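Inspection log for the structure reproduced underneath, given as structure tokens.
The values are calculated or read from the model by the stated rules, or taken from the named source; none is laboratory data. This structure is a prediction, so every number in the text was calculated from the model and none was measured. Here Cβ is always computed from backbone atoms with ideal geometry, including for glycine, and neighbour counts include all displayed protein chains.
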Amino acid sequence: MTPVPICILSSTRAPEVSHGHDLDRFVQIGSLTKPLTGTLLARLAEAGVLQLDDPLDQFLRIRAGTGITLRHLAEHTAALPRVPPRLRRLDPYADFDFEALNAVLERLDTFTTGPPGGEAEYSNLGYAVLGAALSAAADAPYEELLNRHVLTPLDITEVTSNPPPARRLSGRGFLGRPLRPWTMSGAILPAGGMWATPREAARLVTKLLVERKLGEPALTWQTSGRLRWHNGATRGASVFAGALEDGTWVMVHRLSGQPTPTENTAVQILKDATAKASRGTGRVIIPSLSVLAAERQVTGAGRHAASLRFAENVPFTAGHAVDAMDWRAVDWPVAHAAAIAWHAVKAGNPLTVLSLEPELYAGTGITPLNPT
């Protein structure tokens, strides 16, 4: 059996690329597009263009009375089927253009499987409808809005629905023949039609989930315990991306439409990272500003911390200051500790922050462990 091309990027190891994959060529990311659509929804809500609980019929011509809101679509609780009707077998979304979407919208109430707001039912159709609603609300095409409100603010340039053909990388089928990628540039685009280079996709995930440059992660991200994640799969590609609360992250892309091995690889990397962190490295780091803060609160406490032979004192640097500039409501000793943690994440050596008051770290993206 021919080995499947794979690339792995994570906070715990150097990038791994094998069997013909490429970090800098465009690949389909499938439903990893959905968190981008969810982030766009949040950004438009923040800008006052719409509200999460606005009814769908406020933006699209559908029969009144469905009760479906934008939030329902984002959380997969709109009671819509997984896919649109009458799809092709080999290239399922090729005919699902905006005319086809409008035909579905005219009879949307006949497609629902129950009242909205109930149990989540994963729906590509729902995200196609959500993308159309966002375009209508902001009076601009979906991808234009995505670039304006999400990608450009994050300085992400290599995520697109139409990459240069010479830079595309697709999977191979029987006898090694190239697989023709699914056509997903029509109405289904907000549900799974974007392409990205793996390197840029990893940057995007870390900015959204770890650094949280655009605020709290969108409703779209799935949660499993301490892990936020999303996956995606098309005919010849599959991807899994996720991050733990401590900033450990992973992004795995394979040129195979079988998602399970992709997910298993990513989850194992996270498990290995967690196991390594639990064993510890024997290092105890004390921010110098925390030493000063401790001394001001309790006479002698700072001097004692500074004298510990097993502790490593870390001075406040310009790099820490740059990281902390966005945390205007965070006190300076906390900002120093959070900045040290971020530097460790970026270096691929995440550490655990201990604090008796974890709530002081709100807004930094760091979740401390209370040792008591």
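Cβ-Cβ below 7 Å, separation at least six or inter-chain, first residue in region 360-372 and among the small types (Gly, Ala, Ser), second assigned to a loop (DSSP other than H, G, I, E, B) and modelled with pLDDT of 70 or more: which pairs? Matching pairs, first to second residue: GLY363/TRP327; GLY363/ALA329; GLY363/VAL330; GLY365/GLU211; GLY365/ARG212.
Where in region 61-115 are there helices (runs of 4 or more DSSP H), lying wholly inside it, with at least 2 residues that are over 29 Å from the mean Cα position of the chain (by Cα)?
Working: elements: 70-74, 98-106, 108-111.
Here the list reads 98-106, 108-111.
For residues that are among the hydroxyl-bearing types (Ser, Thr, Tyr) and surrounded by fewer than 21 Cβ atoms within 10 Å (Cβ to Cβ), tally how many sit in region 1-52. Walk me through how you get there before you give the answer.
Of all residues in region 1-52, those among the hydroxyl-bearing types (Ser, Thr, Tyr) come to 2, 10-12, 18, 31, 33, 37, 39.
Within this subset, residues satisfying the condition of being surrounded by fewer than 21 Cβ atoms within 10 Å (Cβ to Cβ) are 2, 12, 18.
Looking only at that region, the number is 3.
Of ALA201, ALA243, ALA191, all but one fail to be touching a residue at least 12 places away in the same chain (Cβ under 8 Å), under 18 Å from ILE366 (Cβ atoms) and buried (at least 24 other Cβ atoms within 10 Å of the Cβ); the exception is ALA243.
A Cβ distance below 6 Å, combined with a sequence gap of six or more or placement on separate chains, defines the contacts here; from region 305-325, residues that are assigned to a strand (DSSP E or B) reach residues that are modelled with pLDDT of 75 or more and of a type in the set (A, V, I, L, M, F, W, C) in the pairs VAL314/ILE340. Does region 78-103 hold any residues that are surrounded by 21 or more Cβ atoms within 10 Å (Cβ to Cβ) and either in contact with a Phe, Trp or Tyr (Cβ under 9 Å, 6 or more places away or on another chain) or more than 21 Å from GLY30 (Cβ to Cβ) (or both), and which are they? Result: ALA79, LEU80, PRO84, TYR93.
Strands (runs of 3 or more DSSP E) wholly in region 212-258 with at least 3 residues that are in contact with a helix residue (DSSP H, G or I) (Cβ under 6 Å, 6 or more places away or on another chain) and either charged (D, E, K, R) or at pLDDT 95 or above (or both) - which ones? By residue number, 227-233, 238-244, 249-254. Just one of (1) farther than 25 Å from PRO259 by Cα; (2) of a type in the set (Lys, Arg); (3) at pLDDT 95 or above fails for ARG63. It is (3).
What is the number of the single condition among (1) surrounded by 15 or more Cβ atoms within 10 Å (Cβ to Cβ); (2) part of a loop (DSSP other than H, G, I, E, B) that ASN162 does not meet? Result: ASN162 fails condition (1) only.
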